[in-house]
Amino acid sequence: MAAVISRGIRVVGLRIPNNSIVPRVNFSFRNLPKSKKILCGALGLITTGGIGLGVALQTAVWASGFELHPPSYPWSHSGYLSSFDHASIRRGYQVYKQVCAACHSMNYMYYRNLVGTIMTEDEAKAEAEETQVLDGPDENGNMFERPGKLSDRFPRPYVNDEAAKAANNGALPPDLTFITGARHGGEDYIFALLTGYCDPPAGIEIREGMHYNPFFPGGAISMARSLFDDAIEYEDGTPATTSQLAKDVVTFLRWSAEPEHDDRKRMGIKAVMIGMSLIAVAFYYKRHKWSVLKSRKLAFKPKQY
């Protein structure tokens, strides 16, 4: 390969006005000393081996004999011009509140984030006032509880991480605010995990307190199946099947991880439209200005004596 490239870039002798010849450059891999040939070969082998090792390690991380890869689901918000299904986000919040919030926190979500997306301001205020928030100290130095406000975070199910571990057989339930962005596969993985509980196959033993889920690394997960048909009753009358519950809560979690999703795509569309208009104007302006220069004829007229 090196010899072919060197022949392609070989510079032949060029004759210039003063009748001198430019020295001929003839670089070829065959002309290199034996030591340099060995060095180049070793560098090539090391580079190829490093790339192969990286690919193999990454493949080993992605693939496991005890783990399935989630399928790719046709989410309504996955298109370049698609927005979130806000009705699904509202139902997903209901699933989180009635099912997931018993164990999982959302420490980076505030009640004010619900305004204008899935609730009106009055609805979000009423939702926040249903919780009691520890505040203080007061004028006497005592802590007190008050109704929640829009500026408050979602309540935590446990006082601290140690209490959460003690209540879940030593496993710490992860915070769900950015969970779809923190897991390989995103919403596909979360949906597959929520709907993928089944009995372990023959030859695989699950210890007491654990549950089998082929989509979880290792197959054994501390979280029991939490979504069942008709587990809750939707406010809008949507049938609460297991897949519908999982789809709605995953859509809500995707929105919580990227609340600017719709605004980002809307601004992207505006930027593309403005950019195309500016390109058309710039092209016309360039043609208009350069037409004189491109059509100009330059002629040399020697001075007459």
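Points to keep in mind about this one:
- When shorter helices are ignored and each DSSP H run of at least 4 residues is given -39500 (n - 2.57), the per-residue value for the chain at 222 nm works out to -13500 deg cm²/dmol.
- Volume per residue that the Cα convex hull of region 123-190 spans, once the total is divided by residue count, Å³: 136 Å³
- Over the Cα atoms of region 43-193, the radius of gyration divided by the Kirkwood radius equals 1.12; this is the Rg/Rh ratio.
- Inter-label distance for PHE178 and ALA202, nm, one decimal - labels placed 7 Å from Cα along Cα-to-Cβ: 4.6 nm
- Heavy-atom accessible area order for SER295, SER226, largest first, 1.4 Å probe: SER295, SER226
- Estimated dipole of the chain in Debye, rounded to 20 [Cβ of Lys and Arg +1, of Asp and Glu -1, Cα centre]: 5060 debye
- The chain: angle of helix 261-294 to the longest principal axis, Cα-based, in degrees nearest 10: 20 degrees
- On Cα atoms only, tilt of 34-62 relative to the major axis of the chain in degrees: 20 degrees
- Comparing ALA42, ALA56, ALA126 in a Gaussian network model of the chain (Cα springs below 10 Å), the most mobile by mean-square fluctuation is ALA42.
- Convex hull per residue volume in Å³, alpha carbons only, for the chain: 378 Å³
- Pair-distance distribution of region 245-305: all C-alpha pairs, bin width 10 Å, starting at 0; shares per bin in whole percent are 17, 19, 16, 14, 12, 9, 6, 4, 2, 1.
- Extent along the principal axes, Cα only, for region 185-305: 112, 42, 18 Å, with the longest axis given first.
- For the pair region 271-300 / region 142-165, the C-alpha centres are spaced 63 Å from each other.
- Unit charges at the beta carbon, dipole of region 195-305: most positive-side option, ALA271, ALA246, GLN304: GLN304
- Angle between the chain longest axis and helix 242-257 axis [Cα atoms, degrees, rounded to 10]: 60 degrees
- If you look at the Cα atoms of region 184-233, you get an Rg and a Dmax of 11.8, 39 Å.
The values are calculated or read from the model by the stated rules, or taken from the named source; none is laboratory data. Everything numeric in this text was worked out from a predicted model, so none of it was measured. For neighbour counting, all protein chains shown are included, and Cβ atoms are generated from backbone atoms with ideal geometry for every residue, glycine included. In case anyone asks, the SASA skips ligands and DNA or RNA and just uses the protein heavy atoms, side chains included. Shrake-Rupley method; radii C 1.70, N 1.55, O 1.52, S 1.80 Å.
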